[in-house]
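Student: For reference, the structure I am asking about is given below.
The values are calculated or read from the model by the stated rules, or taken from the named source; none is laboratory data. Model, not experiment: these values are computed from the prediction. Glycine gets a Cβ as well: all are built from the backbone with ideal geometry, and neighbour counts include every protein chain shown.
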């Protein structure tokens, strides 16, 4: 998926050209006839025949996400700073809702960036971060659907208590 995102970034976003980036049919096209015969175009959609998202659905959602958050969370004092690129054409990032959580702590963050520009998201951390903790960031659209989700490791990764030989 990382490769697909990089290709989309290079061709579709930076050069403003894209060919073949459309989804022909999102749903698997399989029909079971009363005779028992199976017909249709096949199981090649990103949503299966029972309307459940397949793993490819989440990859496509990530590639076409209206925001791109840097892969690292930078801790600056009592805040975590994240660089956020606004890929919307008409929507300011202030219209999106950024919901964060670390363990059982939750909150809302605010980011301001005009369409096509970059902004910084500051998340207040007024508690101690334990080793192995992760920052979970969910981005919701103005219509309240989940637009994107990110997870960033914060503390040191815990070492396994049992070493394998």
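Student: Identify all residues within the range 68-77 that are within 14 Å of the chain's Cα centre (by Cα) and either surrounded by 16 or more Cβ atoms within 10 Å (Cβ to Cβ) or modelled with pLDDT of 90 or more (or both); write none if there are none.
Tutor: Hits for the range 68-77 are 68, 69, 70.
Student: A follow-up question, please. For the subset of the range 29-62 comprising residues that are assigned to a strand (DSSP E or B) and closer than 22 Å to residue 140 by Cα, which member is farthest from the chain's Cα centre (by Cα)?
Tutor: Here the residue is 47.
Student: Is it true that residue 34 is closer than 22 Å to residue 68 by Cα, exposed (fewer than 12 other Cβ atoms within 10 Å of the Cβ) and modelled with pLDDT of 85 or more?
Tutor: So residue 34 does not fit the description; no.
Student: Something else about it: In the range 8-22, which residue that is loosely packed, with under 13 Cβ neighbours inside 10 Å and out of contact with any helix residue (DSSP H, G or I) (no Cβ under 7 Å at 6 or more places or on another chain) is modelled with the highest pLDDT?
Tutor: For the range 8-22, the residue satisfying everything is 22.
Student: Then there is this: Conditions first: (1) surrounded by fewer than 15 Cβ atoms within 10 Å (Cβ to Cβ); (2) modelled with pLDDT of 80 or more; (3) in a loop (DSSP other than H, G, I, E, B). Residue 65 passes all but one, so which condition is the exception?
Tutor: Tallying (1) surrounded by fewer than 15 Cβ atoms within 10 Å (Cβ to Cβ); (2) modelled with pLDDT of 80 or more; (3) in a loop (DSSP other than H, G, I, E, B), residue 65 fails exactly one: (1).
Student: Only residues in the range 40-62 that are under 19 Å from residue 149 (Cα atoms) count as the first member; pair them with residues that are exposed (fewer than 13 other Cβ atoms within 10 Å of the Cβ) and at pLDDT 90 or above, Cβ under 9 angstrom, at least 6 apart or cross-chain, and list the lot.
Tutor: 61/146
Conditions (1) touching a residue at least 24 places away in the same chain (Cβ under 8 Å); (2) surrounded by 16 or more Cβ atoms within 10 Å (Cβ to Cβ); (3) in contact with a helix residue (DSSP H, G or I) (Cβ under 7 Å, 6 or more places away or on another chain); (4) closer than 20 Å to residue 58 by Cα, marked per residue:
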{"residue": "82", "(1), (2), (3), (4)": "yes, yes, no, no"}
{"residue": "85", "(1), (2), (3), (4)": "yes, yes, no, yes"}
{"residue": "96", "(1), (2), (3), (4)": "yes, yes, no, yes"}
{"residue": "101", "(1), (2), (3), (4)": "yes, no, no, no"}
{"residue": "117", "(1), (2), (3), (4)": "yes, no, no, no"}
{"residue": "132", "(1), (2), (3), (4)": "yes, no, no, no"}
{"residue": "136", "(1), (2), (3), (4)": "yes, no, no, yes"}
{"residue": "146", "(1), (2), (3), (4)": "no, no, no, yes"}
